[in-house]
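Everything below concerns the one structure shown next.
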Amino acid sequence: MRDEFRYWLPFLTKDVPAELTSPVDVARFELAQALPVVAADMKVELQPDGTASEFFTVRSEGDTVTISGGDVGVLYGVYRVLMALYCGEKLPSDQTQQPKYALRMVNCWDNADGDIERGYSGRSLFFDDGMFDYEPERLRMMARMMASVGLNVACINNVNVRNPAHRLIEDWLPELAEVAAIFRPFGVKLMVSIDYSQPMRHGVPTADPLDERVQNWWNEQCKLVYAAVPDLVGFLVKADSEHRPGPFTYGRNHAEGANMLARALKPHGGKLIWRCFVYNCQQDWRDQKTDRPAAAYNHYVYLDGQFEDNVILQVKNGPFDFQVREPLSPMLLAMPKTSLAIEWQLAQEYTGHQIDIYAMMGMWQEVMADLGSDTIMAMAAVSNWGDDACVYGHPFAAVNMFGYGLLCWNPDAADPEAIARTWAKLTYNFSKADEDTLVDILLESRCAYEKYTSPLGLCWMVTPHVHYGASPDGYEYTAWGTYHRASRDAVGIDRTSSGTGYADQYPAALRDRYSNLETCPDELKLWFHRLRYDYVMADGRTLIQRIYDDHFEGYDWVVAAEEKLAVLPFPEADKALIMERMSRQKKNAREWCDIVNSFFYRFSGVEDAKGRPLYI
Ligand code: GCU
């Protein structure tokens with residue numbers, strides 16, 4: 001087995017043979033190889049019920065364990081039991097588990113040329129050079145990692161569908177069917193991103209969703225697609241977003257646009273996953289009225305109740321774009337009659353490119369606390385995989401895929417510390433003291449990153465397009481709608497009712513929490529408010545001092561983390577990679593800290609109360 005895939009499944013040493021075609025066969029195979037390693041005296045019996053159900057029941061008495069459930073459920077149960085035994089946990093005497101959401105999706109942003117959009121761990125595992133190109137064992141391993149944490153849908157191509165990726169649902173259908181067959185024994189089904197204007201490649205003169213020729217084209221195409229891959233989950237669509245084609249071109253709204261595709265998919269049991277990342281990416285920075293975070297709500301909320309029942313709106317967790325900290329996207333709380341999925345980004349686009357350590361569990365917990373797990377019916381996450389020797393780029397980035405699976409399975413039980421600890425134990429099996437060190441680093445990593453980068457909810461001070469490294473004015477005078485508006489005296493945008501009014505998109509409790517300076521969390525103060533540098537924060541420090549302190553503290557955390565990691569007993573290959581990434585993180589943190597502090601020093605002229613260096 002390839003070593004690079006061993007994260008959190010240390011008890012598996014053999015590849016799953018290609019001949020195994022059902023989840024139950026895979027379950028028996030995994031059990032046979034792992035049980036002698038994790039609990040040699042234990043007897044585990046499998047009782048699959050022959051259905052495709054995902055629930056499982058674990059019963060244990062003495063040395064005997066029974067795992068019953070649906071065929072896929074039994075496979076999930078086997079992985080859970082093996083992990084629990086490896087971690088030395090006591091098995092429940094009788095416990096049934098079933099996933100909270102039916103769709104637990106991983107969105108790969110892989111392009112047909114083999115590049116991965118926002119990929120930080122190598123190239124595509126599916127495509128190269130304008131065609132399908134994959135190693136079946138690697139895909140099987142990917143499917144196995146997904147199944148081990150209950151993930152069940154893989155969208156294999158980028159939401160930005162560029163030529164020739166549209167061929168996936170055309171002449172590449174035989175290969176798509178082969179890939180689907182590789183994933184199927186692991187309970188993982190495929191989904192594909194489509195190009196909204198695809199009929200226009202085939203002589204249809206328009207992509208207007210209300211035009212019969214367009215509808216016919218999609219109806220016929222869906223028949224071909226489902227003949228090749230009968231269990232395809234459906235299509236993922238990015239329309240009218242960042243220059244992608246969509247219904248707006250024809251004066252149609254997004255219910256009209258989505259419903260047309262949904263109707264073509266419906267006879268085959270397919271779903272239409274419609275992304276809501278729609279905003280004006282050609283804004284004039286001088287325009288103080290247009291407020292990008294308000295856009296999605298304005299485009300969609302009035303359409304609540306108008307979508308076909310197989311449409312799911314997929315909404316990014318925050319209203320901007322996967323920033324280090326954002327409040328919950330308000331449209332997620334405003335469409336009770338529509339099926340909603342939340343979209344996370346495991347790929348660390350704005351959060352350190354899998355060079356800097358950034359464990360996401362704390363963010364998920366915060367967002368889910370405001371959202372409530374029943375408000376949505378599915379989860380998706382942009383994947384952080386690639387073909388690097390370490391498929392996660394940074395070994396610690398694996399915790400985000402692992403944790404994401406557990407989050408989708410049961411968000412109400414996805415405790416950040418439990419996730420970090422289980423992952424650390426499975427991956428490294430350190431002594432308790434070393435495990436504590438690692439777990440603390442993981443749990444603190446997000447706030448540390450937040451501190452040395454853009455302050456207190458401002459976001460976006462990144463190097464444009466690349467999105468790694470500090471550039472306080474990088475997006476300030478651009479068309480992307482992402483401004484901090486720092487001046488000599490103040491910084492931030494008033495998004496309350498006295499400003500852009502964005503905060504009014506929330507239900508009263510959240511609106512009041514964010515609008516009121518006293519209750520708005522410090523970390524989001526500059527998201528919702530424009531504040532003077534001499535504004536006194538709750539702890540008595542001025543805003544400018546808090547900005548300086550956070551940045552220096554964030555950097556100091558990195559220095560301390562490097563020292564702690566240097567003495568942990570990682571396997572050699574991981575150690576070299578971790579320390580190499582750590583030194584890059586340190587350099588990055590130093591730059592961020594000094595650039596951002598100096599930026600605000602130059603505007604405000606205020607010295608650091610502790611006399612640390614600021615640069616003119
Ligand atoms: C971000 C990201 C793009 C991506 C887009 C999306 O803007 O930078 O690369 O295409 O999100 O989610 O569609």
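A few comments on the model shown:
- For region 82-90, the condition holds for at least one residue, the condition being that it is under 29 Å from residue 354 (Cα atoms) and without any contact (Cβ under 8 Å) to a residue 24 or more places away in the chain.
- Filtering region 429-449 to residues that are polar (S, T, N, Q) and open to solvent by 30 Å² or more (accessible area, probe 1.4 Å) leaves 429, 431, 437.
- Listed by first and then second residue, the pairs with beta-carbon distance under 7 Å, at least 6 apart or on different chains, first residue in region 453-467 and part of a helix (DSSP H, G or I), second of a type in the set (A, V, I, L, M, F, W, C), are 455/526; 455/547; 455/596; 456/526; 457/524; 457/526; 457/527.
- Restricting region 104-134 to residues that are open to solvent by 20 Å² or more (accessible area, probe 1.4 Å) and either assigned to a strand (DSSP E or B) or among the small types (Gly, Ala, Ser) (or both) leaves a set whose member that is farthest from residue 235 (Cα to Cα) is 122.
- Residue satisfying condition, being among the aromatic types (Phe, Trp, Tyr), open to solvent by less than 60 Å² (accessible area, probe 1.4 Å) and more than 16 Å from the ligand (Cβ to nearest atom), within set 475, 452: 452
- Of 70, 119, 114, 77, all but one fail to be under 26 Å from residue 189 (Cβ atoms), within 16 Å of the ligand (Cβ to nearest atom) and touching a strand residue (DSSP E or B) at 6+ places or on another chain (Cβ under 9 Å); the exception is 119.
- Of the helices (runs of 4 or more DSSP H) lying entirely inside region 483-577, those containing at least 1 residues that are β-branched (Val, Ile, Thr) and either open to solvent by less than 10 Å² (accessible area, probe 1.4 Å) or within 30 Å of residue 429 (Cα to Cα) (or both) are 543-566.
- Hey, residue 27 within 14 Å of residue 80 (Cα to Cα) and small (Gly, Ala, Ser) or not: yes
- Which listed residue is over 29 Å from the mean Cα position of the chain (by Cα) and touching a residue at least 40 places away in the same chain (Cβ under 8 Å), from 544, 578: 544
- Subset of region 306-321 (residues that are charged (D, E, K, R) and touching a Leu at 6+ places or on another chain (Cβ under 8 Å)): 308
- Subset of region 268-279 (residues that are outside any strand (DSSP E or B), within 15 Å of the ligand (Cβ to nearest atom) and in contact (Cβ under 8 Å) with a residue 40 or more places away in the chain): 276, 277, 279
The values are calculated or read from the model by the stated rules, or taken from the named source; none is laboratory data. Predicted model, so just to flag it, every value in this text is computed and none were measured. Every residue, glycine as well, gets a Cβ built from its backbone with ideal geometry; the counts of neighbours run over all protein chains shown. Just so you know, the surface numbers come from the protein's heavy atoms only, side chains and all, with ligands and any DNA or RNA stripped out. Shrake-Rupley method; radii C 1.70, N 1.55, O 1.52, S 1.80 Å.
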